[in-house]
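Notes to accompany the following structure.
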Amino acid sequence: MANVPKRSGGARARIAVIAGDGIGKEVTPEAVKVIQSVVAPTKRAIEFVEFDWSADRYLRDGVSLPAGAVEMLRDEFDAVLFGALGDPRVPSNQHAADILLGLRFKLDLYVNARPVVLLHPGLTPLRDRDEHDIRLMVFRENTEGLYVGIGGFFKKGTADEIAVQEDVNSRKGVERIIRYAFEYARDKGLKRVCMSDKSNAMTFAHDLWQRVFKEVRQEYPGMEARHLYIDTLAMEMVRDPGQFDVIVTCNLFGDILSDLGAQLAGGLGLAPSGNIHPGRTSLFEPVHGSAPNIAGKGIANPLGSVLTAGMMLEFLGWKAEAKVLHEAVRAALKENFVTPDLGGTKRTVEVGDFLANFAAKSLA
C-alpha cells in the first residue's frame, strides 16, 4: 500500500473535488462514494466541496483557474481530489495546463508520488512475477525541470526554425525531493533508494543531481543508495522490478518512468498518484487521463480513482480507512468484478457500488 506523510490526522477533513473532463466526471463520484462509505461507521467527518473547473466552463466563460482559487484551496481545504483534464474541443489543452500545472506550481507540490504495486498476478505483462516482485515507489520532482515552460521559437514556421526548451534545476528543488525519498524509505523501513539521471549527457543540470545525491546519502548510512542512468533504470525495471524500493528522479524522467511502472502493475487504469507538499494542502489524481474515446459510456475504470482516494486518506492520517480502500480494490480484482479494460463486464457504477459495500462493512 502506498503511504504518504500525514497532514493532520484529525477527525475532520475538508476536501475540494475537481472532477474535470471526460471520465473524470464518471470515476470521481465513485471515489467520493467509496470514501463516504468507509468513513460513515467511524467518528470521522469529511466534507466534499465540488468545483466545476473543466473544459465546459472554459469554453463557456473563458475561465480555467479562477482568481483566488489557489489561495482558497491552500487556506480552506485539507486536500484536493482530482479527476482528469483534457477535451478535444480545446486542442491546446490550455485549461488543463492552467489548472493542473498551475496548482502544482502555485501550491508548490514538489513531490509527485507514484506507487507501483501489483495487486493481482494476472495483471502484469511480466512472466513469473507476483505481488512481492512489483512493489515500489517512484518520486518525481514536480515543480522544475523541462515542465516549467521556459523556452521559445526563433524563425518559427520557416526552414530555419529553432525551438529551445530549458531544463531548470535548482539546488533547493533537487535537494528537497532527494531528501524526501530518503526520509520516506527510512520511515517505511525500506533499505534501497535509487536516484536516476542522465548526467553523462546532461552534464550541467544532472551534475547538480549527482552532487546533491552524494551529499544527502551520507546522512542515511544504513541505506543502500544507488545511481542508475535513466535508460539503464528503465531496462532494469522490466528485467527485475523487485530490486527497487524507492526511485527518485527529475520531472520528465519521472513522468515517463512512472507510466512504465504503471504498465508493469496492470495499466494506467490502476495507477494512483499524489502531488504533495508535506503538511500543506495537496492534490491527488488518478493517472489515466480524461479518455474522451470512452467518456459517457459508463465503462470507465474507477479503481485508479479509489486507490488515489486511499492515498489521500493516508495523507490525512486516516490509515485504517486508507487500508480498507486498498483491500476493496484487491477484492474486486480477485472476484473479477471489474470494467472491460481489465477483462470484466461491469459498469463504472457497479464497480463503485461493490467497493462502497465492501468499505461499509469493513469498519462497521
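Using a Gaussian network for the chain with springs between C-alpha atoms less than 10 Å apart, which of these wobbles most: G266, G83, G189?
Ranking G266, G83, G189 by mean-square fluctuation puts G189 first.
Longer than 30 Å from Cα to Cα, which of K323/K346; K188/K214; K172/K323; K25/K106; K43/K191; K106/K319 are they? Say none if no pair is.
Working: K323/K346 24 Å; K188/K214 22 Å; K172/K323 33 Å; K25/K106 24 Å; K43/K191 36 Å; K106/K319 28 Å.
Violating the 30 Å limit, Cα to Cα: K172/K323; K43/K191.
If you wrap a convex hull around the C-alpha atoms of region 154-228 and split its volume per residue, what is the figure in Å³?
On the way: hull volume 8.5 nm³, N = 75.
Value for region 154-228: 114 Å³ per residue.
For the chain, with all protein chains present and a 1.4 Å probe, just round the carbon and sulfur fraction of the accessible area to a whole percent.
Numbers: 7980 of 15640 Å².
Using a 1.4 Å probe with all protein chains present, the chain comes out at 51 percent carbon and sulfur.
Suppose all protein chains stay in the model; what accessible area per residue would a 1.4 Å probe give for the chain, in Å²? Working shown, then result.
Numbers: 15640 Å² over 364 residues.
That works out to 43 Å² for each residue.
Specify which residue in the list A84, A291, P302 is farthest towards the positive end of the charge dipole of the chain, using unit charges on the beta carbon of Lys, Arg (+1) and Asp, Glu (-1), about the Cα centre.
Selected residue: P302.
What is the spread of the Cα atoms of region 224-301 along each of their three principal axes, largest first, in whole Å?
Sorted largest first, the three principal extents are 46, 35, 20 Å.
Taking N as the number of residues in the chain, what value does Rg over Cα atoms divided by 2.2 N^0.38 Å take?
Working: Rg = 20.2 Å, N = 364, 2.2 N^0.38 = 20.7 Å.
Its radius of gyration relative to the 2.2 N^0.38 Å reference: 0.98.
Considering only DSSP beta bridges where both residues belong to the chain, give the percentage that are antiparallel (nearest 5). Show your work: numbers first, answer last.
Details: 17 of 45 bridges.
If I count the DSSP bridges inside the chain, around 40 percent turn out antiparallel.
Calculate the dipole size of region 174-232 relative to its Cα centre from +1 charges on Lys and Arg beta carbons and -1 charges on Asp and Glu beta carbons; express the result in debye to the nearest 20.
Working: 11 positive and 9 negative charges, 33 e Å.
For this selection, approximately 160 debye.
Of I162, P66, I247, whose Cα points farthest to the positive end of the dipole of the chain (charges on the beta-carbon: +1 Lys, Arg; -1 Asp, Glu; origin at the Cα centre)?
I247
Using the basic label-point model (7 angstrom from Cα toward the beta carbon), what is the E335 to K155 distance in nanometres?
Taking the two extended label points, one gets 6.5 nm.
With helices defined as uninterrupted DSSP H runs, which ones in the chain have an alpha carbon span along their own long axis of at least 15 Å and mean Kyte-Doolittle hydropathy of at least -0.5?
Details: long enough: 24-39 (22 Å, 0.34); 171-187 (24 Å, -0.93); 205-217 (19 Å, -0.82); 251-264 (20 Å, 0.62); 303-316 (20 Å, 1.57); 319-334 (23 Å, -0.09); 348-362 (21 Å, 0.46).
Long hydrophobic helices here: 24-39, 251-264, 303-316, 319-334, 348-362.
What is the chain's relative contact order, in percent, from Cα pairs under 8 angstrom and six or more apart in sequence?
Values: 750 pairs, mean separation 97.2, N = 364.
Relative contact order comes out at 27 percent.
Hey, what number do you get for the chain at 222 nm if only DSSP H runs of n ≥ 4 count, each worth -39500 (n - 2.57), divided across all residues, to the nearest 500?
Values: 11 runs with 135 residues, N = 364.
Result for the chain, helices only: -11500 deg cm²/dmol.
Hey, with R₀ at 41 Å, roughly what FRET efficiency would M72 and N357 work out to, going by the Cβ-Cβ distance, to 0.05?
On the way: r = 34 Å, r/R0 = 0.84.
Between M72 and N357 the formula returns 0.75.
To the nearest Å, what is the center-to-center distance of region 289-364 and region 48-67, using C-alpha atoms only?
26
When the dipole is taken about the Cα centre of region 41-106, and only Lys, Arg (+1) and Asp, Glu (-1) are charged at their Cβ, what size is it in debye, to the nearest 20?
Working: 8 positive and 11 negative charges, 40 e Å.
The dipole of region 41-106 has a size of about 200 debye.
Over region 21-114, how many percent of alpha carbon pairs lie in each 10 Å bin up to the one with the longest distance?
13, 42, 35, 9, 1
The values are calculated or read from the model by the stated rules, or taken from the named source; none is laboratory data. What you are looking at is a predicted structure, and each value in this text was computed from that prediction instead of being measured. Quick reminder, even Gly has a Cβ in these numbers, built from the backbone with ideal geometry, and neighbours come from all protein chains shown. Ligands, DNA and RNA are stripped out before the accessible areas are found, and what is left, the full protein with its side chains, is counted by its heavy atoms. Shrake-Rupley method; radii C 1.70, N 1.55, O 1.52, S 1.80 Å.
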